[in-house]
Amino acid sequence: MLQRFFIFCSGADTQILETCSNGERNKYAGIGATVFFTAVMAFIASGYALYTVFDNIYTAIFFGFIWGLLIFNLDRYIVSTIKKRDSFKSELLQATPRIILAMIIAVVISKPLEMKIFQKEIDQVLLEEKNALTLANQEQIALQYSPKVEALNQEIAGLKNEITSKEAETNALYDIYITEAEGTAGTGLLGKGPVYQEKREKHDAYLAELTQLKETNGQKIEALEAEIAALGVDYNSAVTNSQPIIDGFDGLMARINALGKLPWFPSFFIFLLFLAIETAPIIAKLLAPKGEYDYKLEEQESVVATWVTQKVAQRKLLFSTDGELNQKIYEDIKNEEELYRYKKQKAEELLRLQADSFHNVQVKGL
């Protein structure tokens, strides 16, 4: 049962193989087993690749199974269409397009399995890329808010400078009226005279303005700081909202690019392994000597070709003979006098009827 299944996988003619030796059946069963297990590997590889795309195991299994069937059908077709010939050069020329197709299939099969084999290394590369993307994203978003924050900070600094300047002026007036009262400056008179009172009133006026300025600018500074805090909240919200996109940066293309950044040597040998598996049935058929099955298949094809050639030749001969007979028959009929007189009589009757009909139409018109 298993041998029959693998022979079916090889695409060989089972009726012809049943008449061949056991060794010939085993050879084609081995070729069919290679085709079958290549399709199984294609199913596993495509299932994993599609799982990274859809993130759903059932969808990945379904489409992976379809892909495995497709690869199985292609491999079976490739192997079954290679015919053994008497010239190795003609066989190689016949197999060249199929080998190229097998190389393409090997690349498609090997790449997802490479990603699975080097998954930890790929995850490390993706982690580094995600971290770099996170920092770049934060810097890019910060560029949208930094000019606004800097402008607000400059405005706050200006308001604080106004208070500082006013405080300096008020403190200077305080020192003036104190030294005036002590008699160490100004008029030099000790005590609180008219000059002292004038300087004291000026200081008190500045102090009131300073108090009012502190209150006014303090409210402005609080509003500006609240605006800066709101911008900080918006910045954090933008970073938080964009982070899931960066965290999801682990799709199929991202993993393929990450695989490309790893050393090529191990990946190349895995590709060679699958290339050897994929081309093994073709190479086996090319290198194997012409066996019993090949002779019987060639005999069967030659019988069909001979039969078709004979049928075509018979049809051509029949067509040619029939044409010659028809030509001879019509030449004999042309020489028959009785047939000539009969056709002449019918032609005269037809002309009379046409003339009578034309005459009646003219009479009706008058």
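The values are calculated or read from the model by the stated rules, or taken from the named source; none is laboratory data. Only a predicted model underlies this, so the values are computations on that prediction, with no experimental measurement involved. Using ideal geometry, Cβ is built from the backbone for each residue, glycine included, and neighbour counts are taken over all protein chains shown.
Scanning region 248-290 for residues that are assigned to a helix (DSSP H, G or I) and acidic (D, E) yields one hit, E278. When the residues of region 104-125 are filtered to those that are modelled with pLDDT of 85 or more and crowded, with 18+ Cβ neighbours inside 10 Å, the one that is farthest from L252 (Cα to Cα) is V125. Considered as a group, the residues in region 190-248 that are among the small types (G, A, S), more than 28 Å from T164 (Cβ to Cβ) and surrounded by 12 or more Cβ atoms within 10 Å (Cβ to Cβ) include one that is modelled with the lowest pLDDT, and that residue is G193.
Among the numbered conditions (1) closer than 20 Å to S80 by Cα; (2) surrounded by 10 or more Cβ atoms within 10 Å (Cβ to Cβ), the only one that L287 does not meet is (2).
The set of residues in region 253-279 being aliphatic (A, V, I, L, M), surrounded by fewer than 17 Cβ atoms within 10 Å (Cβ to Cβ) and farther than 13 Å from E121 by Cα consists of M253, I270, L272, L273, A276. Residues that are more than 23 Å from the chain's Cα centre (by Cα) and touching a residue at least 60 places away in the same chain (Cβ under 8 Å) were ranked within region 90-103; the one that is surrounded by the fewest Cβ atoms within 10 Å (Cβ to Cβ) is L92. Exactly one residue out of L286, L272 is at pLDDT below 80, assigned by TED's automatic domain parsing to the domain that holds K111 and farther than 30 Å from A168 by Cα: that is L286. Considering region 14-81, the qualifying helices (runs of 4 or more DSSP H), each wholly inside and each with 1 or more residues that are of a type outside the set (G, A, S) and modelled with pLDDT of 85 or more, run over 22-54, 57-80.
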